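Below is one structure, written out as structure tokens; comments come after it.
The values are calculated or read from the model by the stated rules, or taken from the named source; none is laboratory data. Computed from a predicted structure; not experimentally measured. Counting neighbours? That spans all protein chains shown, and the Cβs are built from the backbone with ideal geometry, glycine included. Ligands, DNA and RNA are stripped out before the accessible areas are found, and what is left, the full protein with its side chains, is counted by its heavy atoms. Shrake-Rupley method; radii C 1.70, N 1.55, O 1.52, S 1.80 Å.
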Amino acid sequence: MAKKKAADKDGIWKSLQLKLGVITVILGLLTTGYNLIKKDPPLPVNPDLKADLAISYISMTGNIYLLAGGDSTTRKKNAFYLDYPILTNEISDKNLQKTDQVFSDTTFNDNDLSITCLMIQNKGKGDASDIELDLSKLTINAPLTITEDPENKNDYESQIKAKSTSVKQVIRLPSRLSTGQGILIPLFISFDQPSPMNKNRQWKIESKIIFIPDNIHYTEPADTVRKSLKIRKMRSPVRLAEGAQERG
């Protein structure tokens, strides 16, 4: 009888041990699964590794434009914008020439024409990579005269859109922008002779295609979240040098 009771106790103990073992295994699996699913909070972004893209517009006459992307030792120190490479597109390549992107009845020579570019500069301490631009690509059928009224916030876009057809386009920059680097993206070709005596400014677009930038998207190495910026309109021109104007 004593042996039977001992055997029963031994069986109960083994059963309990088995159940405890199963529970331990289950708890172990649950803990492992939780650790796999649980996401650690993202590390704070090091501000020293952030990119800072500065967006502006610059217009250059043909003879100045031809100097862009060349040997900076041949230029004045303050002509920083000429150090930046030009992104070739339908408006222009490195050489501003009267090809099929300019209306054939244009009477101006190359040095009279100006090419307006979107200028993107990285003023931060980290690289900006995977850079994409959302643009509106507009097509006009004849040279288009634009009148800018400072009291009307220089609204040139509505005048262009009223005389053109438009499609959306996305372009990807060919390389990342490191600290101090920049790039010029041709937007349109025009004839522009501003007169300080006139309240309204007039200039004439001579290229059949016009690009209006909308948004820019990029990635920083210090942050996995993709950045997006709305690109503002051009502002009133400020003279940089003979043949070059910055438009904010």
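Inspect all residues belonging to the range 53-64 and state whether any of them is assigned to a helix (DSSP H, G or I), surrounded by fewer than 16 Cβ atoms within 10 Å (Cβ to Cβ) and either of a type in the set (Lys, Arg) or at pLDDT 60 or above (or both).
To start, the set of residues in the range 53-64 that are assigned to a helix (DSSP H, G or I) comprises 62-64.
Remaining after also requiring surrounded by fewer than 16 Cβ atoms within 10 Å (Cβ to Cβ): 63.
Filter again for either of a type in the set (Lys, Arg) or at pLDDT 60 or above (or both), leaving 63.
There is at least one residue in the range 53-64 that is assigned to a helix (DSSP H, G or I), surrounded by fewer than 16 Cβ atoms within 10 Å (Cβ to Cβ) and either of a type in the set (Lys, Arg) or at pLDDT 60 or above (or both).
Quick one: how many residues across the range 197-248 are in a strand (DSSP E or B) and more than 18 Å from the chain's Cα centre (by Cα)?
In the first step, residues of the range 197-248 are kept if they are in a strand (DSSP E or B); the result is 201-205, 207, 209-220, 223-230, 238-241, 244-246.
Next, from what is left, pick out any that are more than 18 Å from the chain's Cα centre (by Cα): 201-205, 207, 209, 238-241, 244-246.
Final tally of qualifying residues: 14.
Can you work out which of the residues in the range 213-230 that are open to solvent by 10 Å² or more (accessible area, probe 1.4 Å) and β-branched (Val, Ile, Thr) is nearest to GLY62 (Cα to Cα)?
Filtering first and then ranking leaves THR219.
Could you list, in sequence order, all residues of the range 158-195 that are buried (at least 18 other Cβ atoms within 10 Å of the Cβ) and assigned to a helix (DSSP H, G or I)?
ILE160
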